[in-house]
Amino acid sequence: MKFTFSWLKDHLDTTTDAKAVAETLTRIGLEVEAIEDKGAALSAFTVARVISAAPHPNADKLRLLMVDTGHETVQVVCGAPNAREGLKGVFAPPGTHIPGSNFTLGIAKIRGVESRGMMCSERELEISSEHDGIIELKGDEPLGSPAAVALGLNDPVIDVALTPNRGDCRSVYGIARDLSAAGLGTLKDGAVAPVKGRFPSSIKVGLDFPEPARSACPMFAGRLIRGVKNGPSPDWLQKRLKAVGLRPISALVDVTNLVAHDRGRPLHVFDAAKLKGNMRARLARPGETLLALDGKTYTLDGEVTVIADDAAARGIAGVMGGEGSSCTEATTDVFIESAFFDPVRTARTGRTLGIVSDARYRFERGVDPEFVVPGLELATKLILEFCGGEPSEIVVAGGPPEWKRTIAFSPAEVRRLAGLDLPREEIVRILTNLGFAVSGGETMQVMPPSWRSDVHGSADLVEEVVRIFGIDKVPSAAMKRPFAVARPVLTPAQRRIGLARRALAARGFNETVHFSFVPRAHAVLFGGGDEARQLENPISADLDAMRPSLLPSLLAAAQRNQARGIAHTALFEVGPQFASGIPGAQETIAAGIRAGEPPRHWLKTSTRPDAFTAKADALAALETAWGDVAAPVQAKAPSWYHPGRSGTIALGPKALAYFGELHPRIVAAFDLKGPVAGFEIFLDTVPEPKPRATKARAKLEASDLMPVERDFAFIVDTAVAAQELVKAAKGADRQLIERVEIFDVYEGKGVPEGKKSVAIAVTLQPKERTLTDAEIETVAQKIVSAVAKATGATLRS
C-alpha cells in the first residue's frame, strides 16, 4: 500500500514529518518497507529556460542552446526535437548524476562544441519511460528553483507492507485513522455529503442469484450521469496516481482509482451508451466469455459472479471490467457501479482466471460494507467536478451483509495475554479511537466497526489495545523453568533418519529424492514386481510398481549421470520401500551406491566401489544412528548382491544392513559402466541405544608408553568368517590388546585348496610399564591358541 505524505495529510491533521509517520506505523503493526523521497534524489536538478536555440555547426540533428539557469547563462548541446527558444525545462549542471542513464555528467565537447550541462527528459530523471523530448514545464516556477518542486516530486512516498487481515488499511483514510488512534494527529471528518439526483435513473439494478449463492453479491448500487465530458484528469490527481505506481488513463477511470486508494472502495464506470437494458449481478453462465480490460478473453464457469446487462456479461465482479462497455473520450453518459462482493468467491475467481487487479486485491481482503453508497456519492462528486454532467437518483438492490457482532471483553484479558496492567479507561479510549463501540461494566460489550471484518474475539481486541498502546511497552518476563527450554519434538525414529542422512553426506554422498515407484522390470530384479505391488493408476507408465528396494531408484539416477558424462557417482536416499502390497509393509531405508571408476588423482583420495567400501559406508551410518556397532557381519546377502563380495550386518535374526558389490546382471540391466557397490540400512530395525548411566564422559585413560604391534597370518577354512579370527584374537587378553585389524586375505598358490590365509595386526598397549620380550611372546601364544580354539586355524609358516 503506497501513499504520499501530502495525501495522508488530506485526512490527518498532524505537524509531524514522513519519518515520524513511518516509525509510528511500524510501531502499531503496519510495517513500513520504504520511504521514497524523489525530491532528495533530484536535488541537483533545477528549473531553467532556453534563451536561444540555433543549429549545431557540425551536426544536423543537434541544436546549440543558450540556457538561463537562474544563476548564469550556459551553452548546452541538445538533440531533443522539442528544444526551442522560450522552453522552460529541467537543467542538470556538470557533476550531476543522471539516474536514468546511470552516469555522472561532465563538461564535454560534442562534435567540436563545448556543452556545459544537460536539458533532461523524463526517462533521464526516472519519472517515466518517455525520452522523445526534454521535459516542458508549464508552471510559473522561478528559474533556479528545485525541479522536484516544479515536477511535484517533493512529496515523500510511504510504502506499507500490510498483512492480509488489515483490509481497512488498504486506503489512505484507514492509515490516517490508525495513526490518529496512536496519537500522531487528529483524524479529519470523512463523511461524504450526498449528491442530490436530478432525475430517475433509466438503468435499474438487480440481484439475480439462486438461494445458495445469495452471498455472492448482497448489495448492488448504481447511478447514471448524463452529459459528461471525459478527458485528462487534473494534474494533481495524475501526479498522485503516478506517485503510487498507477498510470493515469482518463478523468472517469482516474476517479475510480482515486476512490479505491483514498477510501478503499473499488468502483467501476460503464459507458451507458454501450449497455443494453438494466444492470444486474448474477452468476456467469457456464462457457460464457468476456473480453476484459486487459485485452484477454476469459471463459467463465458457473461459480463466477458477473455484472451484466440484459444482453451479456459486462464485467467480472470484483475483479475486472469488460472492454465492450469501457469509457473513452467519446463517452457522454456513464453508469457508476458500487457493490459488495463475497471475498472468498472473488479470491477464487481471481485465482481461477489468473487475474491480479487492484479491485480483487481489496475485495478479497475485505472492504467496508457500509461504504457502498457513500463511495458512490464520492465518485459522483468528483466526476461532476472534473467532467461535468447531471446525476440521476441512486438505484440500490439488496443491502449490506450482516456485519454487526458483539464481543464480551474483560480488561483482565489484556493482563493475561499481554502482561500489561492497563486501567479500564485507557482500554476504552484506545478501542473507541479505533472506531469500536464499547458499553457495559466490568465485562464490556464491544462492537467492532463495519470496516474491521478481521476482529472476532477477545484476543483480537487485546491485540488492538497492545499495538496502539505500544508493543515496546510490554514488559519482559522470564519463563518458568519447566517451560524455558523446549522439549524434544522429534521421535527416536526421526532422529535416526537425520543422523543417518548427516553421516552419509559427510562421507561424500549426494542425497537424492525419488518417487516411491519404479518400472516393473526394475522391481522384478529386486524381488518385487508382483501384482500386489502394482499401481492401478500410475502417475507415469514407467512408474507402475511400488519399489521393493531403494537401489533401483539410485541405480537409474547413476545411469542418467553416466549418460551425461559423469562417470563416478556417490548417491544416497532415505525413504520408504515396500515389502508387500498390504498396509504396514512399508519400511524406512537408508540406501546408497558408489558407481563407476573414481577419477584419477595423484593423491588417490577417491574411493573405489567394492564390498569393503560399502561395508565402511554402512557401518559409519549405523554407528552415527545407533552407537558402537556390536552386531556380527555374515557372509550372505540378497540375490541382487555379488555372492562372494557382499555381506549382512545382523543382530540375531534381524538384518540391520546389507552391503557389497552389486551382481553383474544388475549392473548390466541398468547399463552401468565400472564397478558398483551399495548398501541398505533398515532404520526401523535399528534398536534404541541403551541410555548411559551418566551423562559425564568416561575418564580418559591414555598411556604414555609406546604400543607394540605384532602381525599374525593364519591358515583357516574358507568357510570361516574373518571376523571370527578378529573376535578370538581380541578375547585372548582384553587388558593388553587394544586393537585387532585384518590387513590381508589370500587364496591361491602356496595355500592348500579349501583354505585361505588371513593376516591380522594386533596392537598391544601397556598401561603401567614397558613389556618385556617374554611378556610379548606370552601374549602372542595366547592369541594363537585362542584363534586355533575358536576357528581351527593354524599359524602360517
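Numbers for the structure displayed
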quantity: Percentage relative contact order, the range 1-124, counting C-alpha pairs under 8 Å, at least six apart; calculated: 19
quantity: Mean-position separation - Cα centroids, the range 704-733 and the range 549-623, in angstrom; calculated: 31
quantity: Distance histogram in 10 Å bins (all Cα pairs of the range 514-610, percent per bin); calculated: 16, 41, 27, 12, 4, 0
quantity: Excluding exposed DSSP-loop chymotrypsin sites (Phe, Trp or Tyr not before Pro) (at most 13 other C-beta within 10 Å), longest clean stretch of the chain; calculated: 1-514
quantity: Accessible surface, per residue, of the range 430-570 when the full set of protein chains is kept, probe 1.4 Å, Å²; calculated: 56
quantity: Computed magnitude of the charge dipole of the chain (debye, nearest 20; Cβ of K, R +1, Cβ of D, E -1); calculated: 1600
quantity: Relative contact order computed over the range 213-262 (Cα-Cα under 8 Å; 6+ residues apart), in percent; calculated: 32
quantity: Shape of the range 542-684, Cα gyration tensor, a/c cut at 1.5; calculated: oblate
quantity: Cut-off 10 Å between beta-carbons: net charge of the residues surrounding Ile715, Lys and Arg +1, Asp and Glu -1; calculated: +2
quantity: Cα-derived Rg over Rh, computed across the chain with Rh taken as Kirkwood radius; calculated: 1.17
quantity: Probe 1.4 Å, accessible area per residue of the range 619-745, Å²; calculated: 60
quantity: Heavy atoms of Ser646: accessible area, 1.4 Å probe, square angstrom to 10; calculated: 20
quantity: 222 nm mean residue ellipticity, helices alone, for the chain (DSSP H n ≥ 4; -39,500 (n - 2.57); rounded to 500); calculated: -7500 deg cm²/dmol
quantity: At most 16 other Cβ within 10 Å, DSSP loop - trypsin sites (Lys or Arg not before Pro), the range 129-216; calculated: Lys138, Lys188, Lys196, Arg198, Lys204
quantity: Surface share of carbon and sulfur [accessible, 1.4 angstrom probe, percent] for the range 612-685; calculated: 56
quantity: Surface accessible to a 1.4 Å probe, per residue, for the residues of the range 185-294, Å²; calculated: 47
quantity: Inter-centroid distance (Cα atoms) of the range 59-119 relative to the range 459-527, Å; calculated: 62
quantity: Those trypsin sites (Lys or Arg not before Pro) in the range 550-600 that DSSP places in a loop and that have at most 12 other beta carbons within 10 Å; calculated: Arg564, Arg600
quantity: Cα shape, the range 685-797, gyration tensor, a/c 1.5 rule; calculated: oblate
quantity: Euclidean distance between Cα centres, the range 376-400 to the range 275-328, Å; calculated: 21
quantity: Among Ala22, Phe270, Ala311 - extreme Cα towards positive end, dipole of the chain, charges at beta-carbon; calculated: Ala22
quantity: For the range 734-778: relative contact order, % (alpha-carbon pairs under 8 angstrom, 6 or more apart); calculated: 42
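The values are calculated or read from the model by the stated rules, or taken from the named source; none is laboratory data. On a predicted model such as this, the values are computed, not experimentally measured, just so you know. Neighbour counts are summed over all protein chains in view; Cβ atoms, including those assigned to glycine, are modelled from backbone coordinates with ideal geometry. SASA here: full protein model, heavy atoms, side chains in, ligands and nucleic acids out. Shrake-Rupley method; radii C 1.70, N 1.55, O 1.52, S 1.80 Å.
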